[in-house]
Amino acid sequence: MTDETVHESQETRSRRGIASYFRRLANRLSRGEPAPADEEQTVTVTPPAESEFEVEVEQEDGTVSLEIDMQWDEDEGEVATDVAASKATFEVYEDNAEQYRWRLVHDNGNIIADSGEGYASKQKAKQGLESVKSNAPGAYVVDESKDDDGVVEEGGSKATFELFKDSEGKARWRLRHDNGEIIADCGQGYASKQKAKQGLQSVKTNARGAPVEEGE
């Protein structure tokens, strides 16, 4: 078979963002699941149980490079492109107050996240959901119902998932940007903290590659 570059990308990322990428790879690899090569998770690789692994650190002309290389025989693993990266869809719509909102609807029909507020224009609503797409997958998870506000799960984005209890004692989550704005909300209370964590994990998994549908 001829040589082919399936995917290649280059960009500047924060240290937290890079850590988030490797963490996502590590989680999938440890479970033997297809690991996403790109941020949109449309290209995945499934290495065999064992593969050649090489780490190289180089210094040249004042620049340091860290290269991590995995190799395996093509017939021992799998590479998939044009993967259906998400099992959810962003829906942008106009509410009864003539403001624009978005909601993230899972393929099973459940609304797993919403904008939490109305926007003056469709463009603003779309900017809001794009922020969720960018920041949800790598966001920290902080449990505010704990006395020490401990981090439950580390991440690497400009937003944080906050787990908390509402006035009725139900578990909820919200996604707060580093600028203080709440950019996504669970939209409902959960019977347990575990259910709320499952809900936000679904948003982490499905937000990045979710298509956007605009209402009339």
Evaluate the distance, in nm, between pseudo-label points positioned 7 Å from the Cα of F53 and of W72 along their respective Cα→Cβ axes. 1.2
In nanometres, the difference between 0.36 nm per residue of separation and the alpha-carbon distance of T46 and K124 is 24.3 nm
Order by protection proxy (mean Cβ within 10 Å, highest first), peptides 117-125, 193-201, 52-60: 193-201, 117-125, 52-60
What whole-number value in Å² describes the accessible area per residue of the range 88-214 for a 1.4 Å probe? 50
Could you look at the chain and say what percent of its accessible area is carbon and sulfur, using a 1.4 Å probe and all protein chains? 42
Quick one: which of K158/K197; K158/K193; K124/K165; K87/K165; K122/K193; K122/K158 span more than 25 angstrom between C-alpha atoms? K124/K165; K87/K165; K122/K193
To the nearest 20 Debye, how big is the dipole of the chain about its Cα centre, given +1 on the beta carbon of each Lys and Arg and -1 on that of each Asp and Glu? 1620
Between Q71, A113, V83, whose Cα lies farthest towards the positive end of the dipole of the chain when Lys and Arg beta carbons carry +1 and Asp and Glu beta carbons carry -1, centred on the Cα centre? A113
Taking the solvent-accessible surface of protein heavy atoms with a 1.4 Å probe, what is the per residue accessible area of the range 15-81 in Å²? 73
Hey, what's the per residue convex hull volume over the C-alpha atoms of the range 18-141, in cubic angstrom? 173
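The values are calculated or read from the model by the stated rules, or taken from the named source; none is laboratory data. Computed from a predicted model, the values in this text were never measured in an experiment. Note: ideal-geometry Cβ built from the backbone for every residue, glycine included; neighbour counts use all protein chains shown. Please note that ligands, DNA and RNA were not included when accessible areas were found on the heavy atoms of the full protein model with its side chains. Shrake-Rupley method; radii C 1.70, N 1.55, O 1.52, S 1.80 Å.
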